[in-house]
Amino acid sequence: MFDLLVREGTIVDPVDGVYRGDIGIRDGRLAAILEPGAPAEARETIAAAGRHVFPGCIEPHTHIGYVRPFGDDVMSETGSAALGGVTTVMSFHRHYQSAQPKPYDDFPELVETIERNAHVDMALHFGILAESQVVELEKYIDLGVSSFKFYMAYRGADGKTTGMINECDDGVLFEGLTTIGRHPHAVACVHCENTEIIARYTKRVKAEGRDGLAAWNAARPAFAEAEHVRRAAFFAELTNCHLYYVHIGATEGLTEALLHKQRYERLTIETCIHYLTITEADDHIGNLAKVTPPIRAARDRERLWEGLKKGEIAIVATDHCSVPRSRKQGDIWTATPGFPGMATMLPVMLTEGYRKRGMTLQQVAQATSLNAARAYNMFPRKGAIRVGSDADLAIVDLELERVVDPATLGSSSDISLHEGQTLAGWPTHTILRGQLVARDGKLLAKPGQGKFIRR
């Protein structure tokens with residue numbers, strides 16, 4: 001007897017490929033994978049004929065609490081995640097409402113808030129911006145936070161663009177990577193941009209009176225990202241640290257990462273949906289697409305898709321922030337960076353990657369689930385369709401088309417970079433540890449159904 005039986009769907013297993021089968025779930029775990037129609041009993045059955053069953057998506061790159069109180073953001077944005085087939089949300093946490101970096105002594109309160117408000121499972125990365133945080137890395141690792149973000153950007157004047165005081169110079173970075181390198185399961189994430197170069201280029205581009213996405217791209221040039229990609233990889237090799245490149249969006253940065261990966265394998269490359277779908281020429285989107293690093297050129301977009309198909313890029317994320325339209329007004333220099341994206345991540349990948357560019361369904365599942373689980377020490381509990389794993393599933397109708405409307409996506413934000421577009425391939429059911437949390441675009445989960453994931 002199963003608690004839940006998913007019947008006659010086409011399973012998209014990121015490890016074993018695509019095949020027909022029935023999935024039996026018991027006590028929140030995948031208990032059996034059966035031949036289609038095999039005799040079985042369950043308290044509840046979902047008929048999935050004609051649909052594809054993906055592992056629940058893992059969104060490894062969000063900023064929960066960036067513009068709103070942490071608890072409020074946890075509640076709304078994890079609900080948005082569930083609507084998009086995302087069952088695990090990972091947030092790059094720092095004290096957003098306090099510019100001065102300080103130790104994460106509020107960790108117990110963060111966990112309590114997640115387990116009170118979250119609709120899906122959640123894990124945290126900690127932002128490392130100061131010596132006072134670096135010296136406590138091993139304490140955080142013992143608590144179950146085993147990934148950390150180092151901001152090579154946002155020092156000095158550049159930090160004022162996000163309200164940050166960033167004291168993470170190369171010495172602090174190297175010390176952090178040294179500590180992380182002593183723990184095989186721990187990960188150092190790096191935001192690669194050369195602050196000093198950006199400061200000069202920004203001053204020059206603003207003096208020319210330029211505005212828009214192309215101006216933002218020119219002010220934060222791709223080579224400034226690539227230079228720090230190279231530097232971070234060299235430090236990681238010296239310290240034997242697992243290095244994770246967040247939001248690589250340009251050809252130059254990808255090229256440098258791949259060159260170093262030929263001699264040092266412990267490098268993981270992530271890109272984001274916006275770099276795969278929008279270019280600096282998309283003036284109709286304008287300030288809504290302001291983000292750091294910037295949206296790049298069409299050649300970069302296509303190089304990233306090539307990298308995904310080749311397996312050079314392991315992971316797709318969204319850099320989700322619940323920034324409202326009201327914070328996007330003015331020129332490109334004053335608009336707040338960031339936007340939501342979790343609810344549309346999987347439909348975008350199926351429309352742009354699978355339908356238009358020939359990615360396989362298995363590759364989509366790897367990029368949106370398996371590879372993040374492996375990188376962040378959650379596999380095989382998360383990221384796979386195998387007996388014993390958490391019963392996290394997204395049942396998708398590949399033929400289901402919807403016009404993107406921010407009002408239906410569950411975020412507190414009232415924007416979407418894909419507003420008005422028709423996307424094909426939407427989740428009809430999202431299942432979290434055996435419980436149905438979303439169905440046909442409606443959120444069914446209750447706050448607190450999600451749990452904090454220690455890694």
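No value in this document is a laboratory result; all are computed from the given coordinates. Note that the structure is predicted; figures quoted are calculated from it, not measured. No Cβ is skipped: glycine too gets one built from the backbone with ideal geometry, and neighbour counts run over all protein chains shown.
If R0 is taken as 45 Å, the Cβ-Cβ distance between Arg263 and Gln329 corresponds to a FRET efficiency of 0.45. Return one number: the angle in degrees, 0 to 90 and rounded to the nearest 10, between the long axis of the Cα atoms of helix 195-207 and the longest principal axis of the Cα atoms of the chain. Once rounded, one gets 80 degrees. A straight chain from Arg386 to Asp27 at 0.36 nm per residue would run longer than the Cα-Cα distance by 127.8 nm. Short-range pairs are left out: with C-alpha atoms under 8 Å and at least six residues apart, the relative contact order of segment 56-375 is 18 percent. The angle separating the long axis of helix 222-239 from the principal Cα axis of greatest extent in the chain is about 80 degrees.
Near His260: Cβ cut-off under 9 Å, other residues only, Lys/Arg at +1 and Asp/Glu at -1. The net charge is +1.
A simple count of charges around Ala186, restricted to other residues whose Cβ falls under 15 Å of its Cβ and scoring Lys, Arg +1 and Asp, Glu -1, yields +3.
Computed extension length for Arg402-Glu419: 5.1 nm, one decimal, from 0.36 nm per residue of separation with the Cα-Cα distance subtracted.
Taking packing as the residue-averaged number of other Cβ atoms within 10 angstrom, the listed peptides 137-149, 331-343 run from highest to lowest as 331-343, 137-149.
Estimated from helices alone, the mean residue ellipticity of the chain at 222 nm is -8000 deg cm²/dmol (sum of -39500 (n - 2.57) over DSSP H runs with n ≥ 4, per residue). Placing pseudo-labels 7 Å out from each Cα toward the beta carbon at Lys446 and Asp105 gives an inter-label distance of 3.5 nm. Extension gain for Lys203 to Val135 (0.36 nm times residue separation, less C-alpha to C-alpha distance): 21.0 nm. Summarising the label geometry, the points placed 7 Å from Cα in the beta-carbon direction at Glu306 and Arg210 lie 2.4 nm from one another. Think of each Lys and Arg Cβ as +1 and each Asp and Glu Cβ as -1; about the Cα centre, that makes the dipole of the chain roughly 300 debye.
Counting only other residues whose beta carbon sits under 11 Å from that of Ile315, what net charge do I get with K and R as +1, D and E as -1? Net local charge, Ile315 excluded: -1. Once the Cα atoms are used to define both axes, helix 70-83 deviates from the longest principal axis of the chain by about 50 degrees. Once divided by 2.2 N^0.38 Å, the Cα radius of gyration of segment 1-119 becomes 1.39. If one puts a single equal scatterer on every Cα of segment 387-455 and applies the Debye formula without solvent, what log₁₀ I(q)/I(0) results at q = 0.15, 0.20, 0.21 Å⁻¹? Per q value, in the given order, log10 I(q)/I(0) is -0.62, -0.96, -1.02. Beyond 22 Å between alpha-carbons counts as too far, so tell me which of Lys328/Lys356; Lys149/Lys206; Lys290/Lys382; Lys203/Lys290 fall in that bin. The pairs that break the limit, which is 22 Å between Cα atoms, are Lys328/Lys356; Lys149/Lys206; Lys290/Lys382.
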